[in-house]
């Protein structure tokens with residue numbers, strides 16, 4: 001009988017999509033170079049003026065991945081600086097996120113469905129069980145930002161398709 | 001001890017986001033009426049010429065929800081016609097999808113992590129276990145289309161935010 005755990009529903013899923021985003025960033029960087037597009041035109045692009053730009057979408061997707069792996073594993077969430085200004089910087093952030101989530105012991109996450117999880121502070125404090133946090137909060141937010149990053153590049157003519165987003169698993 | 005199952009990782013997640021999309025469609029419909037926007041301008045909007053329009057994004061999000069609930073539950077996937085041409089039609093499709101996924105017995109899905117799942121046909125046939133199908137295929141595709149539907153409306157100036165997408169859970 002196949003069994004599954006909170007681990008198989010979290011870290012491997014984040015890895016799948018973060019690896020897709022890495023490959024998409026490679027394509028975006030090459031596309032900008034080839035077409036002599038200022039990278040900032042893509043990195044700072046927003047689908048609407050009060051939406052977050054591409055760079056923030058990638059940063060926040062990374063944050064939900066590392067936040068979920070850490071919180072489900074009962075660890076402190078590592079803090080990243082949000083100082084990325086190039087495709088190379090964003091790829092490094094994703095690589096750092098991938099290395100981090102891979103470092104969280106599988107056993108620490110495996111039985112986390114009932115773990116008490118708290119996010120935010122003050123009025124924005126939220127309390128979850130591990131499973132509500134992962135399925136109703138962390139994964140939806142993660143996919144929201146990852147997809148919006150994809151949509152920004154697609155809207156700007158990058159030659160990618162849904163296969164590039166889904167990636168390999 | 002809290003336990004979880006393939007059920008808690010699937011149907012309630014689809015319901016959360018489909019209910020969000022229902023409320024967002026209400027807002028889009030009201031916005032179009034108020035601003036005298038031809039509904040088709042939103043319903044047929046694409047973020048890039050070779051991307052799918054809004055209506056298809058909603059239809060396909062519904063398809064991944066009903067497909068996942070049916071396949072994980074060991075049932076035949078119901079077929080929908082893809083004949084929606086208005087906001088009301090799309091809301092009805094989501095409502096029908098919600099009613100369907102709610103009708104699949106929780107027990108039928110609960111232990112489906114090892115169930116053999118096949119999608120597509122011919123060269124496009126894919127074989128999964130239940131858990132690989134849900135976490136690496138159905139949920140990513142579902143969120144991809146649901147978020148892109150949101151991004152299309154946001155790009156067109158609809159006054160919504162991420163909270164409207166995440167919804168209540």
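Nothing in this text is a laboratory measurement; each read-out follows from the coordinates by a stated rule. Because the structure is a prediction, the values reported are computed rather than measured. Glycine also receives a Cβ, built like all others from the backbone with ideal geometry; neighbour counts cover every protein chain displayed.
With respect to chain B, whose longest principal axis is taken over its alpha-carbon atoms, helix B:11-34 is tilted by about 10°. Based on the Stokes-Einstein relation at 25 °C and a viscosity of 0.890 mPa s, and on the Kirkwood radius from alpha carbon pairs, the range B:62-125 is assigned a translational diffusion coefficient of 190 µm²/s.
Derived from the Cα gyration tensor, the three semi-axes of the equivalent ellipsoid of the range A:90-169 are 28, 17, 13 Å, largest first. The angle separating the long axis of helix B:87-103 from the principal Cα axis of greatest extent in chain B is about 20 degrees. Could you tell me what % of all Cα pairs in the range B:1-72 have separations over 15 Å? The calculated P(r) of the range B:1-72 puts 65 percent of pairs beyond 15 Å.
With the helix formula -39500 (n - 2.57) applied to DSSP H stretches of n ≥ 4, chain A reaches a computed 222 nm mean residue ellipticity of -17500 deg cm²/dmol. The GNM of chain A, with springs linking C-alpha atoms under 10 angstrom apart, assigns the highest mean-square fluctuation among A:119, A:148, A:132 to A:119.
Quick note on the range B:12-169: its Rg to Rh ratio, both from C-alpha atoms and Rh being the Kirkwood radius, is 0.99. Shortest first, residue A:120 label-point distances to identical copies amount to 4.0 nm, with the label point at 7 Å from Cα along Cα→Cβ.
In percent, rounded to a whole number, the relative contact order of the range A:11-169 is 35, using alpha-carbon pairs under 8 Å and six or more apart. Semi-axes of the equivalent ellipsoid of the protein assembly as shown are 28, 27, 20 Å, computed as sqrt(5λ) over the eigenvalues of the C-alpha gyration tensor in descending order.
Taking the C-alpha atoms only, the angle from helix A:54-72 to the longest principal axis of chain A is near 10 degrees.
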